[in-house]
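The structure appears below as structure tokens.
Any read-out appearing in this document is the output of simple, stated calculations on the displayed coordinates, not a laboratory observation. Just so it is clear, the model here is predicted, and its values are computed rather than measured. Note that each Cβ is placed from the backbone with ideal geometry, even for glycine, and that neighbours are counted across all protein chains shown.
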Amino acid sequence: MHSSQEKATWTSAEDEVQRPLGALRDRLSELALDRTSSSRELVLETCAVLRAWVHEQPLGWSWGEAVRELEEGLEVWAEGQGWRGTAARLLATLGAARRLDRHGPREVLSEELGLWLHGEADARDWSGRPLDAGRRIPDRRPTAELAVRRGGITRGLARGETILVLGVSETVVLALEYARDEGLDPHVLTGQGGPCADGLRLARRLRAAGVAVTVGWDAGLVSQIDEADRIWLGTEATDGRRFLALVGTESLLRRAREVGVPAELLVETDQHLPAGVPLRAPAWCERDAWLLWDGAPAGVELRTQAFAAVPLELVHTVGAEGPSTTGAAIPAPDRRTSIQA
């Protein structure tokens, strides 16, 4: 699941977990290692696994047992995925659910996880509180269409623009597909680099959608910035001051500012971290040095972290400007992997 190949969508996940499975940690082990699925796909598949597991618990299951077993079962998953904004919001919501102890954990957790899984038709904004109405993961299409029609600089996309795209973003891909459907014929310039072959995965999807793509080495993008009419980026997480992006993004954005190429960050509400949760790069980059060099000889220092925090002041934002007032009040976990309120 942590290869560079595309994953199937989450919709079949709930069917897959109907057969007897082992402990929760084992059920989530592959998802904890997933590095190529979008945050939406990852979290929805995780919710399907969690909900099936909750349904297996006995009627007398207590909150004390639920918190302890969730804490243990989610520890590895939280370490591997909790750096993503959407995943961090799920963890915070599960922690906040403990406050509803006037109801049993089976009832509360099943209902809340169901709202994550089946809330696509609910267009209402979510308060961030467990069991409140509202869509947990926003539809990416409105932000994608806004980027094409208006952009973050109050001008929409012109026909035939060259857009420099860094990394793989579900919202950015949707925006490019929408631009194609509108007859704007965008041309994408991107680079190959990073541990998950982001440039190649992006190019493969866009070509399948009929979007023109040029792929080079990511190190060469700074020197090619004057070929672009604008830059589009997505992110996995933001704390309202910085956002996570591939290493080297800040240098490219500063060069873009020097030459007058506008940069736009397409960001969604669920990518904003809950209050108190720090912005952090994924730990697996540091741990899995083989992604940079498998079998490096002794004495070679490897700088394996592929992500860095970038100041938001370097981009125009399109979409969510920040978490809602109530959403920002989601309690942060006590520890990075904790689900306790």
Taking the chain and dividing mean pair separation by its residue count, relative contact order in percent (alpha carbons under 8 Å, at least six apart): 20 percent
Net lengthening on full extension, residue 298/residue 258 (0.36 nm per residue, minus Cα-Cα): 10.3 nm
Dimensionless Rg/Rh of segment 10-138 - Kirkwood Rh, Rg from C-alpha atoms: 0.93
20 Å binning of all Cα-Cα separations within the chain, expressed as whole percents from 0 upward: 30, 56, 13, 0
Dipole of segment 10-138, positive direction: furthest Cα of 66, 117, 103, with charges on the beta-carbon: 103
Sites residue 214 and residue 313, calculated FRET efficiency, Cβ-Cβ separation with R0 30 Å, nearest 0.05: 0.55
Whole-percent pair-distance distribution, where bins are 10 Å wide, for the alpha carbons of segment 141-319: 9, 38, 36, 13, 3, 0
Inter-label distance for residue 162 and residue 139, nm, one decimal - labels placed 7 Å from Cα along Cα-to-Cβ: 3.5 nm
Under 5 Å, built H, 5+ apart or other chain: amide partners of residue 188: 163, 212, 213, 214
Within the chain, percent of DSSP bridges classed antiparallel, to nearest 5: 20 percent
20 Å cut-off, amide nitrogen to a point 7 angstrom out along residue 26 Cα→Cβ, residues in segment 40-65: 46-58
Estimated dipole of the chain in Debye, rounded to 20 [Cβ of Lys and Arg +1, of Asp and Glu -1, Cα centre]: 480 debye
Mean-position separation - Cα centroids, segment 50-125 and segment 150-207, in angstrom: 34 Å
Built amide H within the under 5 Å cut-off of residue 307, gap 5+: 247
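Summing -39500 (n - 2.57) over the DSSP H runs of n ≥ 4 in the chain and dividing by its residue number, what mean residue ellipticity at 222 nm do you reach, to the nearest 500 deg cm²/dmol? Before the final figure, lay out the partial values.
Details: 12 runs with 124 residues, N = 341.
My calculation for the chain gives -11000 deg cm²/dmol from helical runs alone.
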